[in-house]
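Just below is one structure, and these are the notes that go with it.
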Amino acid sequence: MQLDMKGAAALFSVSEKTLSLWIKTKKLPSYQVNGQYWFNRAELLEWATEHKVALSGQIIEAEKGGAPVRLDEALRLGGIFHDIGGTDKASVLNAVVDVMNLPPEVDRTSFCQLLLARESLGTTAIGDGIAIPHARHPIVLHTSHPTVTLCFLENPIDFGADDGRPVDILFTLVCPTVRGHQQLLAALALGLKDGRFRSVLTRKASGREILEEAERVSEQISAQMADSHH
C-alpha cells in the first residue's frame, strides 16, 4: 500500500515537516515521483520498529468485515520455541522454518530461500538482539489467520545489526493478506515498545508468560483503538 506525505504523517501522528526531516536524517524509506514523496506502508512499519518510533493506534484498523489482528492470538497460532539451533543465518533460518506452523502445501526449502534472499539485501535485525526475518514482499499464504512464530536461539548469531549486537530472538510473520501482514507488523512494533513485553523476551521467559504479556499488550492496543474512535 502506497502512502503520500499526508498519509505517512498520519501513520506516525507527526507533521509533514517532521517526516521530511526523518527522510534526511533517519533514512526513512521513501520514493520520489515527479517531485512528490511516496511511501510503502510495510517498509514504514519495519522502519518504525527498528527506530522505536511510535505509531498511531489507528494503524491496526481491521480489514473490511474482519476483526483487528491481535498479537497474542497470532503468537498462539505461530508458536513459541526455545533453544533453536544453528551457527549462521542460513542454518538458523532453516531451523526456524522447520518448526513453523505452515500450510502443508508450502515448500519449506523455497520458503527459507525467500528469507535468505531478503537478508542478502540488508539485515532484518532491528537491534537489541531481535530480528524479524521476512521476504522482500510480505509472506502471504493460504492460512486462515495471521501467525507469528517466536524463536529463541541457542547461540546468538551475527545478523549484521546496526547496533552490532548478535541476534538471539526472531519473529517470523505469515498472513493470509498483505493488509493483515501490515496490521500484525504494527501490533508487533507496538508490543516491542512495551517494557514488560520486552522484559519477558530478554530473559527468554516461558511461553505462558510471554503470551500473558502479549495478551495485555493486545488489550491495550484495542483500548487505544476504541479511544481513537470517540
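The values are calculated or read from the model by the stated rules, or taken from the named source; none is laboratory data. Source: prediction; values computed, not measured. Counting neighbours? That spans all protein chains shown, and the Cβs are built from the backbone with ideal geometry, glycine included.
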Any residue in the range 52-65 that is polar (S, T, N, Q), part of a helix (DSSP H, G or I) and modelled with pLDDT of 85 or more? no
Test result for V148, among the β-branched types (V, I, T), in contact with a Lys or Arg (Cβ under 8 Å, 6 or more places away or on another chain) and either modelled with pLDDT of 95 or more or assigned to a strand (DSSP E or B) (or both): no
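With respect to P104, determine if the residue is in contact with a Pro (Cβ under 6 Å, 6 or more places away or on another chain) and surrounded by fewer than 18 Cβ atoms within 10 Å (Cβ to Cβ).
The answer is no for P104.
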Quick check: anything in the range 133-140 over 23 Å from L11 (Cβ atoms) and surrounded by fewer than 21 Cβ atoms within 10 Å (Cβ to Cβ)? no
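Do you know which of the residues in the range 1-34 that are part of a strand (DSSP E or B) and in contact with a Phe, Trp or Tyr (Cβ under 7 Å, 6 or more places away or on another chain) is nearest to T177 (Cα to Cα)?
Q2
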Is the range 173-196 home to any residue that is under 22 Å from V53 (Cα atoms) and surrounded by fewer than 15 Cβ atoms within 10 Å (Cβ to Cβ)? yes
Does A135 count as under 21 Å from D98 (Cβ atoms), small (G, A, S) and assigned to a loop (DSSP other than H, G, I, E, B)? yes
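State all residues of the range 194-230 that are outside any helix (DSSP H, G or I), at pLDDT below 95 and either under 22 Å from C151 (Cβ atoms) or basic (K, R) (or both); if no residue qualifies, say none.
D194
So, T202, is that one in contact with a Ser or Thr (Cβ under 7 Å, 6 or more places away or on another chain) and not small (G, A, S) or not?
Judged against the criteria, T202 is not a match.
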